[in-house]
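Here's the structure we're looking at; comments come further down.
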Amino acid sequence: MKKFFLLAMSLLILSAQVEAAKIDSYQKILESGRYTIRYENLTPAPRITNKDVVELYGKNGLAVEGKDFFLNRPLSGVIVGDGDNRYEEIGYKDFFQCRLIKGGENFIFTRYPSKNGGFEYFGEKKGKVSANPRNYLVEMLSGESFGDANFTEMMTAIISDSKKNSAQKKYKFVAGGNLDNGLTYEDFSANDGSEVSAIRYYFDGDTLKKISFATSDKGKIRKCIVKILAFNSSPEQNLLNLPSGLVDTTKR
């Protein structure tokens, strides 16, 4: 019986190692520093607004799509990394907050629809942006950003512990298996004092399709689900330059 138990435990450990291997290819992509990631956050935090007041505007105001115009809108994001160059954007529909890091400089601007079609950009002024020096100390202490805080946690959890800084949680593989819809999953968890966090990565074959995240800190629970639209090792180079409608006014 003891030999059977030890054999069964060995098989379980081996099975867990096999299941966990699917995330390894994405770990390699992230740690290479060259990637394009596109995602949709299906459960963004609700924005604060007075729903009743907004609803009163009717078709003449913000309620044209319903009284939840400012609440729980799915957000989409793009992250592109290519060595020291980096691009991040996050927003809803056609309105995005963007950040380009290039040549040791940090450009922050907004992209929004133009009345004449296409897009317009706003940095310090409409159509103009100037760079701030890149803050390497903050990046070293807090790690890379992947858009919103929840998605950043989902991505940094993939990175191996040896490459994390002291502020980033150390996630451990806890389970893996098959779902009735044909997807497989890999579960990871972290326990950081009073805060307990769990992340599940969903795969279709070897392709990452969805991620769910939940954390509990002193009774306060935060949840998030994202749909992965793209995650590959080919940086979209067109996003690693300022758009043509935005003039660099940095004084160097």
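Based on the Cβ-Cβ distance of Ser162 and Gln97, what FRET efficiency does E = 1/(1 + (r/R0)^6) give at R0 = 35 Å, to the nearest 0.05?
Rounded to the nearest 0.05, the efficiency is 0.60.
How would you order 78-91, 213-226, 188-201 from highest to lowest mean count of nearby Cβ atoms within 10 Å?
My ranking of the peptides, most packed first, is 78-91, 188-201, 213-226.
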Tell me the label-point distance for the pair Lys220, Val174, using the 7 Å Cα-to-Cβ offset, in nm and rounded to one decimal.
2.1 nm
Rounded to the nearest 0.05, what FRET efficiency is calculated for Thr207 and Glu31 with R0 set to 22 Å and r the Cβ-Cβ distance?
0.70
So which of Lys93/Lys170; Lys22/Lys93; Lys102/Lys223; Lys172/Lys209 end up more than 28 Å apart, counting from Cα to Cα?
Lys93/Lys170; Lys22/Lys93; Lys102/Lys223
Per the Kirkwood treatment, what hydrodynamic radius in Å, one decimal, follows for the range 101-252 from the mean inverse distance over all distinct Cα pairs?
18.5 Å
Amide H contacts under 5 Å for Lys209, placed H, 5+ residues apart:
Tyr202, Phe203, Asp204
Using the count of nearby Cβ atoms within 10 Å as a rough guide to exposure, how do Glu124, Glu31 rank from fewest to most?
Glu124, Glu31
Neighbour-count ranking for Val247, Val129 (other C-beta within 10 angstrom, fewest to most) reads Val247, Val129
Gained length - Lys126 relative to Asn191, 0.36 nm times residue gap less alpha-carbon distance
18.9 nm
How are the alpha carbon pair distances in the range 151-227 distributed across 10 Å bins from zero to the largest one, expressed in percent?
18, 50, 28, 4
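Every number here is computed from the coordinates shown, using simple stated rules; none is lab data. On a predicted model such as this, the values are computed, not experimentally measured, just so you know. So basically every Cβ, Gly included, is an ideal-geometry build from the backbone, and we count neighbours across all protein chains shown.
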